[in-house]
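A quick write-up on the structure given underneath.
Read the figures in this text as sums done on the coordinates, not as results from a lab. Because the structure is predicted, anything quoted here is derived from the model rather than measured. Note that each Cβ is placed from the backbone with ideal geometry, even for glycine, and that neighbours are counted across all protein chains shown.
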Amino acid sequence: MSTPWVNSPDGSHSENAELAGKLQPRRDDPNALITIPSLLAASVAEHPDKPALGIIQAGILTWRTWFELAGDVRCVEQELLSRGIDHADRVVQLAPNSYEWILTDLAVLALGAVHVPLHMSLSAEQIAEQLDLADAKLLVVSNPKQGILGSGKVARVTHGELLSHKTIPQSEFRNPHSTDLATILFTSGTTGRARGVMLSHGNLTSNAIATAEAVGSPREEIRLCFLPLSHSYARTCDLYTWLYRGSRLVLAESRETILRDCQLVRPTAINGVPYFYQKIAHQLFASGQSNVQGSLNSLLGGEIRLCCCGGAGVAPETERVFLEQGLPLLAGYGLTEAGPVVSATNIANYSSGSVGRPLEGVEVRIADGGEILVRGPNVMQGYWRDEAATRAAFDQDWLRTGDLGELDDTGNLRIVGRCKEILVLSTGKNVSPTSVERCLWDSPLVENVCVVGEGKPMLGALIVPNPNALRSAIRAERLWVWSRKRAVTHPKVRELFRREIDRLLIGRSREEQIGPFAILDRNFEQAHGEITAKFSLRRETIVRNFSQVIADMYRSLTKG
């Protein structure tokens with residue numbers, strides 16, 4: 001087995017001091033290519049009785065120690081072995097965040113098998129496609145009643161069945177090699193086409209260690225995790241940095257209970273996407289607390305020290321609110337193909353609008369044309385069974401990110417936009433829609449926005465209104481509104497959004513101003529393929545799904 005501890009006859013636990021001694025020096029080297037089981041082994045050997053993982057059920061927080069966690073991992077390993085799982089076998093997991101999700105991940109990796117987590121937001125057709133692409137030997141689900149299209153081709157097991165072994169076996173320590181494939185992460189990014197990113201143990205551990213060191217997360221931190229572990233962001237920046245630090249991690253009970261869980265856990269650190277922080281800022285504005293010092297800290301539990309952000313650009317007004325409250329948003333940049341973190345911010349190198357500096361051991365180069373190229377121990381082995389896509393992803397040994405960026409005089413990286421998302425207006429002007437969207441997100445009236453305009457004389461915008469803010473505005477204006485459709489088409493409502501758009505874009509260039517716009521009666525949805533698991537826009541899909549709305553929008557401009 002992979003864990004170097006056994007139960008002693010008296011019920012106490014003995015430690016493999018020799019192994020812990022070998023691992024300890026490497027924990028302090030951000031370039032060390034060790035494995036995920038090694039990170040777990042080191043933390044268990046150092047403090048087996050320390051609380052490690054917190055689980056919240058029905059509003060009650062309970063803890064598992066490092067030793068208890070290790071024992072449960074060993075049980076899952078045994079069950080996987082009994083089901084024939086061997087080195088390099090693919091094990092697919094389709095489940096929400098849970099203690100069992102983590103046990104499965106750690107057990108699969110300890111056996112030298114390959115963990116393939118799928119997003120819960122996928123459609124039945126997408127799940128079937130990715131199961132087929134993975135050529136999996138086993139499918140792990142949380143619920144025995146989960147109906148999964150095409151899953152009859154692969155053996156299926158529930159989390160409960162995986163934990164059926166109740167005794168911890170004593171066996172020889174066995175550790176995968178750092179170059180072994182650890183995980184395949186299917187990512188369609190903003191294009192919609194599924195590709196399996198292959199990351200080794202060395203890719204994952206080097207990235208987790210370098211990220212923890214760059215951000216400066218202490219060993220005594222308490223981190224609340226609410227982002228999906230099926231995504232590389234939470235998996236590396238929450239789960240594996242926790243393994244490396246030997247600190248405390250708590251799984252939020254659900255996305256709906258995050259703020260309640262903050263009061264219960266009193267975390268010192270969180271990872272979130274801009275959408276989450278935007279909602280927090282809007283809540284402070286709505287309650288009149290945005291200028292009250294300490295209100296943000298209280299909302300997040302009272303002990304928060306690090307608010308890390310990734311996945312997309314942060315709206316300037318949201319960033320300003322957090323900075324003025326003494327909790328600067330520590331933005332980072334990355335992509336699944338890079339483990340995922342490329343750059344990170346800490347308090348010392350914080351710079352508004354930047355995504356921090358490249359991690360230790362990670363090289364960043366700006367190519368001709370502005371594309372960000374990355375090289376380092378975090379960069380993927382390639383795309384699963386797709387040599388053509390792998391070749392296209394690299395410029396010699398540099399990973400092509402598809403993002404446009406620049407390095408400023410202080411060494412901080414700034415993201416300008418996406419190579420394929422630059423909109424070319426009929427005037428010949430090139431515009432990055434993401435920079436305009438970040439400005440519009442600052443309005444409390446705006447829940448989401450997609451800027452369009454390819455081949456048009458000016459930019460347009462598809463705006464998803466914040467329902468609470470819109471209702472308040474309608475009441476304040478005493479408007480006669482009898483339906484959702486009327487709410488988003490009422491002339492007074494449109495006038496209100498017109499003023500907001502113009503206010504937020506003051507100072508932007510002429511080509512960055514918004515001409516026509518439409519207020520939508522629904523949000524962009526993962527089920528329709530319009531956003532990714534980390535809430536990034538899939539612009540091509542949105543343009544296709546709302547083609548008639550866009551056509552009418554520009555037609556009205558022509559009539560005007």
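Couplings for the stretch 45-52, taken from phi via the Karplus curve 6.51 cos²θ - 1.76 cosθ + 1.60 with θ = phi - 60°, read 5, 6, 8, x, 8, 6, x, 10 Hz in order; Gly and Pro are left as x. Taking amide H as placed 1.01 Å from N in the peptide plane, the amide H of Thr158 sits under 5 Å from that of Val141, each at least 5 places away or on another chain. Taking 0.36 nm per residue of separation and subtracting the current Cα-Cα distance, fully stretching the chain between Leu479 and Ile347 would add 42.9 nm. With the simple spin-label model, which puts each label point 7 Å out from Cα in the Cβ direction, the Arg156 to Leu425 separation comes to 5.3 nm. Residues of the stretch 55-95 with an amide N closer than 16 Å to a point placed 7 Å from the Cα of Ser164 along the Cα-to-Cβ direction: 75-85.
Just the number, please: percent antiparallel of the DSSP beta bridges in the chain, rounded to the nearest 5. Don't skip to the end; give the middle numbers.
Numbers: 44 of 78 bridges.
So the antiparallel bridges in the chain amount to around 55 percent.
Note that the stretch 508-514 has calculated 3J(HN,Hα) couplings of 7, 5, 4, 6, 8, 7, 8 Hz, one per residue in order, obtained from phi through the Karplus relation 6.51 cos²θ - 1.76 cosθ + 1.60 (θ = phi - 60°); glycine and proline are x.
Distant-in-sequence amide contacts of Ala95, defined by a placed amide H-H separation under 5 Å and a gap of 5 or more residues or a different chain, comprise Leu118.
Counting other Cβ atoms within 10 Å, which trypsin sites (Lys or Arg not before Pro) in the stretch 193-258 have at most 12 and lie in a DSSP loop? Qualifying residues, ordered by number: Arg193.
Under 5 Å between amide hydrogens, built in the peptide plane, is the criterion, and for Ala182 it picks out Leu199, Ser200, His201 among residues at least 5 positions away or on other chains. Assuming R0 = 22 Å, can you tell me the calculated FRET efficiency for the pair Arg503 and Lys279, based on Cβ-Cβ distance, to the nearest 0.05? The formula returns an efficiency of 0.60 here.
Helical runs assigned H by DSSP (4 residues or longer) give the chain a calculated mean residue ellipticity at 222 nm of -9500 deg cm²/dmol, each run adding -39500 (n - 2.57) before division by the residue total. Remark: the Arg83-Thr179 segment gains 32.1 nm on full extension, using 0.36 nm per residue and subtracting the alpha carbon distance.
Here the stretch 32-201 has an Rg and Dmax of 16.2, 47 Å, counting Cα atoms alone. Quick note on the chain: its Rg to Rh ratio, both from C-alpha atoms and Rh being the Kirkwood radius, is 0.98. What FRET efficiency comes out for the pair Arg260/Val292, r = Cβ-Cβ distance, R0 = 22 Å, nearest 0.05? That pair, Arg260 with Val292, gives E of 0.60. Whole-Hz Karplus values for the stretch 223-229 come out as 10, 9, 10, 10, 6, x, 5 Hz, taken residue by residue from phi with 6.51 cos²θ - 1.76 cosθ + 1.60 and θ = phi - 60°; glycine and proline positions read x.
Under the 0.36 nm per residue contour assumption, what length would be gained going from the current alpha-carbon distance of Glu303 and Glu360 to full extension?
Values: separation 57, 0.36 × 57 = 20.52 nm, distance 2.84 nm.
Gain on stretching Glu303 to Glu360: 17.7 nm.
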